[in-house]
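First up is the structure itself, then whatever we jot down about it.
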Amino acid sequence: MTTMTQNITQVYQVYIQATPEQIWEALTRPEFTQRYFYGTRVESDLAIGSPFLYRAGDSEELLVEGEVLESDPPKRLTVSWRFLYDPDLAAEEPSHVTWEIELQDGGHCKLTAVHSELGAKTAEHVAGGWPWIVSGLKTLLETGKPLAG
Amino acid sequence: MHDDDRVFRALADPTRRHLLDRLHERDGRTLTELESELEMTRFGVMKHLKVLEDAGLVVTRRSGREKLHFLNPVPIRLIHDRWIDKYTERYVSALADLKTKLEETG
């Protein structure tokens, strides 16, 4: 097996009319992720080194496995990231996802998701998903409703 | 200017769409890299990148001494959701209504 350098980075950014605390909750609590993250429930105590998992909302199947690398509520969260539901994706080295929440003048926030150290297959897999998740998160926090799609 | 106006204005230019295409091919490029693929002065490319950045379509990150440019498709997704999502919602609620009706009569 050849070892390829995983050095692809993707960046997704959105402005949300919500407080940093609300955004932090939406990222780290299962009752929120279930409404904008493909129905998955996040599971973590957010301590450094603790597991950071996403399970299917209906079957409890473990879909994403990771570890908390950095946690500075309500500003910055970095986790490692590995998809388990596809053998090709699971075979790549874990990537890193960082969430940055920055309070702006006027009380709204800038939310940036940086997905780094991506392998080619995982990069292709997530490119369509993140815009959907991030815009769904904005819609949920601003209207209280998930996107219908 | 409204956010959506900025997005449409930014997209209404072939050079800026070309810059987004380049970033879509490979993300995280420097100004120098982007400039080398265009028949345009460095200043011209900078001006276009600034319009894209103001519209939220390009996000820059520092990596050491370099400033890297990334394509941010979220504003386009939000425009999509604004018009498309309403119809999927109607479709979903129509199905839900149908289910309720069938269960009532069944």
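None of the figures in this text is laboratory data; all of them are computed from the coordinates on show. Worth saying up front: this structure is predicted, and the values here are computed from it rather than measured. Here the Cβ positions follow ideal geometry from the backbone for every residue, glycine too, while neighbour counts run over all protein chains shown.
For A:Thr40, B:Thr15, which order do you get if you count the other beta carbons within 10 Å of each Cβ and list the fewest first? Mind showing how you got there, number by number?
Values: A:Thr40 21, B:Thr15 15.
If I rank by nearby Cβ atoms, fewest first, I get B:Thr15, A:Thr40.
Using the Kirkwood formula on the Cα atoms of region A:31-119, what hydrodynamic radius do you get, in angstrom to one decimal? Can you show the working numbers first?
Values: mean 1/r = 0.0718 Å⁻¹.
It works out to 13.9 Å.
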query = Taking the Cα atoms of the protein assembly as shown alone, what are Rg (to one decimal) and Dmax (as a whole number) in Å?
reply = 19.8, 71
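Can you pull the mean other chain C-beta count within 10 Å for peptide A:5-13? Walk me through the numbers on the way to the answer.
Details: counts 0, 0, 1, 3, 6, 6, 12, 7, 8.
Mean inter-chain Cβ contacts per residue within 10 Å come to 5.
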task = Using a Förster distance of 45 angstrom, determine the FRET efficiency expected from the C-beta separation of A:Glu25 and B:Glu39, and round it to 0.05.
result = 0.35
note = One point scatterer per Cα, no solvent, Debye formula: log10 I(q)/I(0) for chain A at q = 0.16, 0.21 Å⁻¹ comes out as -0.86, -1.50
remark   = Counting Lys and Arg as +1 and Asp and Glu as -1 over every other residue whose Cβ sits under 9 Å from the Cβ of A:Pro20, the net charge comes to -1
request  = As a check on your grasp of the helix formula, calculate [θ] at 222 nm for the protein assembly as shown: sum -39500 (n - 2.57) over DSSP H runs of n ≥ 4, divide by the residue count, round to the nearest 500.
outcome  = -12500 deg cm²/dmol
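Can you list the GluC sites (Glu not before Pro) in region A:1-82 that are in a DSSP coil and have 12 or fewer other beta carbons within 10 angstrom? Intermediate results must be reported in sequence, preceding the final value.
On the way: sites: A:Glu21, A:Glu25, A:Glu31, A:Glu43, A:Glu60, A:Glu61, A:Glu65, A:Glu67, A:Glu70; in loops: A:Glu60, A:Glu61.
Of the GluC sites (Glu not before Pro), the ones in loops of region A:1-82 whose Cβ has at most 12 other Cβ atoms within 10 Å are A:Glu60, A:Glu61.
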message = Restricting to DSSP loop positions (anything but H, G, I, E, B) with no more than 15 other Cβ atoms inside 10 Å of their own Cβ, which trypsin sites (Lys or Arg not before Pro) remain in region A:64-149?
response = A:Lys75
Sites A:Glu93 and A:Glu61 - FRET efficiency at Förster radius 22 Å, r taken between beta-carbons, to 0.05 = 0.50
note = Whole-Hz Karplus couplings 3J(HN,Hα) for region B:53-59, θ = phi - 60° and coefficients 6.51, -1.76, 1.60, Gly and Pro as x, run 5, 4, 7, x, 7, 10, 10
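With charges only on Cβ, +1 for K and R and -1 for D and E, what is the dipole size of chain A about its Cα centre, in debye, rounded to 20? Display every interim value, and only then the final one.
Working: 11 positive and 22 negative charges, 86 e Å.
So the dipole magnitude of chain A works out to roughly 420 debye.
By count of other Cβ within 10 Å, fewest leading, how are B:Arg62, A:Arg55 ordered? Can you show the working numbers first?
On the way: B:Arg62 8, A:Arg55 19.
Lowest count first: B:Arg62, A:Arg55.
What is the order of A:Phe37, B:Phe70, fewest Cβ neighbours within 10 Å to most? Spell out each step's value before the answer.
Values: A:Phe37 24, B:Phe70 20.
So the residues, fewest neighbours to most, are B:Phe70, A:Phe37.
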